[in-house]
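Asks: Below is one structure. I have some questions about it.
The values are calculated or read from the model by the stated rules, or taken from the named source; none is laboratory data. Predicted model only: the values in this text are computed from it and were never measured. Backbone-built Cβ (ideal geometry, glycine too); neighbour counts: all protein chains shown. Quick note on the areas: whole protein, heavy atoms, side chains included, nothing else; ligands and nucleic acids left out. Shrake-Rupley method; radii C 1.70, N 1.55, O 1.52, S 1.80 Å.
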Amino acid sequence: MRTTPPTDTGTGSVDVRPPRSTDDWHQATALLHDYVEWLRAAVGVEPLDEQPAIATELADLAAVYDGRAARLFLAFDGPLAVGMVAVRPHDDGTAELKRLYLRPVARGRGLADRLVEQAVQAAADGGHRAIWLESMRGVMEPALAVYRRHGFGPAGVDRQTIVLDGMVVLERPVEPTPVGR
């Protein structure tokens, strides 16, 4: 796995990496709770009803994203996790980008780009041929802009799992990482 080198954003060193400690996993779970609350407020739905898998993730995030198949990455500003993204493989040779979230204090600093880059790299490292995601027009336009900057476009097949007005499915091809790189 390639790790993203820390950069100075003017507020300290930022590192994008998988959780390494119990504290990292606690911070990741807190970010997921923040994400769920943001969805409730911004989208006006109950995320646990629309995406029942979130309840399993909240119960034991480390077990769901154990690094063997599904992966989770955090953006740390110093010791504080300020953002996250997850990658989950699918049996059809694709990977799904999930749970991209940044705390408001971390937005506008390029961290979403770094998290998406890490997710795409994880899909490549996993040998996947494509990576896809679900997002929503309107409240998630800033995220959609990030995805488009990274080559995501309309999915060629119907992968939609969340049925809400404004949902879109985007995907991009992935060049698998050569073995032994």
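Asks: Pick out the one residue from Gly127, Gly67, Gly93 that is over 17 Å from Met167 (Cβ atoms) and touching a Ser or Thr at 6+ places or on another chain (Cβ under 9 Å).
Replies: The unique qualifying residue is Gly127.
Asks: Going by what's in this entry, would Thr56 be described as among the hydroxyl-bearing types (Ser, Thr, Tyr), in contact (Cβ under 8 Å) with a residue 12 or more places away in the chain and assigned to a helix (DSSP H, G or I)?
Replies: So Thr56 does not fit the description; no.
Asks: Could you tell me whether any residue of the range 106-117 is in a strand (DSSP E or B), open to solvent by less than 20 Å² (accessible area, probe 1.4 Å) and β-branched (Val, Ile, Thr)?
Replies: There is no residue in the range 106-117 that is in a strand (DSSP E or B), open to solvent by less than 20 Å² (accessible area, probe 1.4 Å) and β-branched (Val, Ile, Thr).
Asks: Taking the criterion of being out of contact with any strand residue (DSSP E or B) (no Cβ under 7 Å at 6 or more places or on another chain), surrounded by 13 or more Cβ atoms within 10 Å (Cβ to Cβ) and among the polar types (S, T, N, Q), would at least one residue in the range 52-65 satisfy it?
Replies: no
Asks: Moving to a separate point now. Scan the range 141-160 and tell me whether some residue there is surrounded by fewer than 16 Cβ atoms within 10 Å (Cβ to Cβ), modelled with pLDDT under 90 and in contact with a strand residue (DSSP E or B) (Cβ under 6 Å, 6 or more places away or on another chain).
Replies: Among the residues of the range 141-160, at least one is surrounded by fewer than 16 Cβ atoms within 10 Å (Cβ to Cβ), modelled with pLDDT under 90 and in contact with a strand residue (DSSP E or B) (Cβ under 6 Å, 6 or more places away or on another chain), which makes the answer yes.
Asks: Could you list, in sequence order, the residues of the range 122-132 that are touching a Lys or Arg at 6+ places or on another chain (Cβ under 9 Å), buried (at least 19 other Cβ atoms within 10 Å of the Cβ) and not aliphatic (A, V, I, L, M)?
Replies: Listed by number, the residues that qualify are Gly126, Trp132.
Asks: So, in the range 93-105, exactly how many residues are open to solvent by less than 10 Å² (accessible area, probe 1.4 Å) and touching a Lys or Arg at 6+ places or on another chain (Cβ under 7 Å)?
Replies: 2
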